[in-house]
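No lab work stands behind these numbers, since they all come straight from the coordinates. Owing to the predicted nature of the structure, the values given are computational and were not obtained by experimental measurement. No Cβ is skipped: glycine too gets one built from the backbone with ideal geometry, and neighbour counts run over all protein chains shown.
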Amino acid sequence: MQRNLAARVSRSLPQLNRHVFTQLSSRAIPIANARHAGLAHRNTWDIAPRTRVMQASTRYAHTDAGPAKSGGAILDATSFKGSVITEKHWKNQGSPVVDALIEPRAILHFMGFITQGVLPNGKKTDLTLLEPDEFPLFMNPTSEWAPAPFNKATVPTVQKAMERIAGPEDLSGLTQVGHSINFLKSRLWGGLDPVPTTQWRDKELNNPEHFTIAHEYLTSVIAVFEYLNIPQIQKNMRDTFNNVSADLGEMQEALNARRKEQGVFAPELNLPALWEQFIRAQYEVMTSTAHSWVLARAAELRAPIVEKFASIPTETPHTPEMVTLSNRWNDLLAVVSMADFKIWLPMDGYTGHYPPSEIVAGLHNPDLANQEQSQNFSKLLIDRFAQRLDAARVQGPSAKNPNVPRHERLLMSSDLQDELRLKTRGPSPSPQPPVQPWIQQLLRGHQQIMSMDPQERKGLGFGIAIYRASKEISDNDWEELQRRVEAHLSAWGEDVQGSDELKPLLNLHWFDCKELDYDNQRPALALRSHYKEIRSSDEWTHKLAPSMFLIVDEWAVRSYLDEKYMAMRRDQPGYLKGDFQGHVLAVDPDFDENATLSLNTTRPADEDPESGSIEYSGHMRIMGNLVWSELYPLLMTQSVILENLWLQSHEHPLHMYTGLTTPTQIESWKRS
């Protein structure tokens, strides 16, 4: 059975490339308008089915998978053991998925970059960009348009790039890994924090009672970069990049020859240089997002430990509580040290990359391996700590006390770690986390909307369709519910740069099912048809997110209006209160029930969430405050599809998406 499933997945890999190629081919010639800047959801929804094959269904693929072996087998990373602090993540790799090391959406975003010039980190390139009439040529083989001798290729450049990344002839760009590691990697690729500040607070992760789960969130980030820095995976990523670079080099020669033939007086294109610049900026986004987030959260977790030690008299002997506090402090020192040494994506050997002489945090430190492994570096840490202690006894706050207070020793170790980080990572680029790329993209799109004719901008916007599917609630109660839902969906963005500017631009478009003819017993299935109809209409096509819509059904109503419904679940021992909030149903409009292996995917979407399903059914419950902060950007940027989110939700007691999960969190759910 497994071999048959793997063979089925392998045969479907070429479909992945066709979806991307078709999607790009359908795009209009890029011009400075909102459609090209990310507003026109219609330009992105065709690409979604590709990731279902690659990231979700391929969890059944194994390294002995049948027909697609010409480029080697898919590397299996699930057996990697990791370090002491990440071991639990590597041991809990349920539902392994196939991960594209360089994500397929990179090609789509690269095409946007070489027409607009904006890098993933928000900076502008100074390299020559495409002319408007050159964009469609990437979707046509050079044999159809290039002058000789550059007209030999019979496969479009975009298609070749996708095949480099996702097979099927060469599978070296694919790896099998646990879905949680894959999911977090996809978040970081898109510049999203592992756990947003609002969610961290709602889950009360700074509460010492929840230290184990909070610590696992931090170590999960380390696990992602352990994965990406496995030597064979590093090599495969580099080879994939270099192969794409070579294809772009051939395309560049053809385009420059065409420009010369047509008498275009413009600087020559350097597509490999643009590709290197794009991926370097992408890696910068990933590493800076991950590193700044780990350090910020670790600092928050350290604060109550220092406060507690400060309240304990110096002469107090060690107690079990003090041992616990000391262990937690050491755990945080370890995870921060691992973040300094592990959160790197070096580009040595990448075509066109010339490492600078200085350290570039997250990207380049020629002596990193020696610093990490050298006993002298460890000895430096110990020696400097001893020096700081001696100095504190002589001239610090404790100069008259031969025993330096414990909390001062803790602060010394943290300060020294900050000092040594400069040697390891160089100066921090910014104390502020980078602006999330999806927010940059939408704000640029809005600027371009406002520069358009008022009549033309009328049909443009950033929105989600949401359906009222509960017929049992009165109109008066519905008004109150609608207010609560809208307020909850807006409860995001704390410490997220640009969120205050973006929030007023995001719209919910309500549809009342009382006015529609639909099957009340199976609302998700029935409303798919209505949604796909309006999605393709002139009125809505550039206003709605194309790859999902929301339903407020009976269970969603209860979650917002019946406090006992959530309280009886929220107050269970070991649960995080922030994991039990009001929720709505998110539906994949393009889900094909006939394509799944499950015999149980036609269950009603509005049945009791606690009954659950072991198979994905094309819909998923999600907490309201994660709709705009996670669901929308993850689907809009094609980081994941809904099924990837469902994999994070199906262990929850209500089978609800609450964000990234950890092993201890899941264990507590399973005990209930």
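Points to keep in mind about this one:
- From phi via Karplus (6.51, -1.76, 1.60), per-residue ³J(HN,Hα) for the range 543-556 in Hz, x at Gly/Pro: 10, 10, 4, x, 9, 6, 9, 10, 10, 9, 9, 4, 6, 5
- Each other residue within a Cβ distance under 14 Å of L325 adds +1 if Lys or Arg and -1 if Asp or Glu, for a net charge of +1.
- Over the range 444-533: Rg over Rh, Cα atoms, Kirkwood Rh: 1.05
- Summed residue charge, Cβ within 13 Å of E479's Cβ, Lys/Arg positive, Asp/Glu negative: -2
- Tensor-based shape of the range 461-671 (alpha-carbon gyration tensor, a/c under 1.5 rounded, otherwise prolate or oblate): rounded
- Distant-in-sequence amide H partners of Y657 (H built 1.01 Å from N, under 5 Å): R621, I622, M623
- Here the residues H530, H446, ranked from fewest to most Cβ neighbours within 10 Å of their Cβ, fall in the order H530, H446.
- A cut-off of 5 Å between modelled amide H atoms, ignoring neighbours fewer than 5 places along the same chain, links Y467 with F511, L550, I551, V552.
- Cα-Cα over 23 Å, subset of K91/K670; K88/K342; K503/K532: K503/K532
- Counted residue by residue at 0.36 nm each, then reduced by the alpha carbon distance between them, the extension gain from K81 to E480 reaches 138.5 nm.
- Ranking of E630, E480 by neighbouring Cβ atoms within 10 Å, starting from the fewest: E480, E630.
- Distances between placed amide hydrogens fall under 5 Å for Q176 paired with L75, D76, A77, D99, all partners being 5 or more residues away or on another chain.
- From phi via Karplus (6.51, -1.76, 1.60), per-residue ³J(HN,Hα) for the range 127-140 in Hz, x at Gly/Pro: 7, 5, 10, 5, 7, x, 7, 8, 4, x, 5, 5, 9, 10
- Note, ³J(HN,Hα) from phi for the range 483-497, Karplus 6.51, -1.76, 1.60, rounded to Hz, x at Gly and Pro: 4, 5, 4, 5, 5, 5, 5, 8, 7, 8, x, 4, 6, 9, 4
- Sequence-distant lysines (8 or more away, or on other chains) whose Cα lies within less than 27 Å of K308: K203, K400, K577
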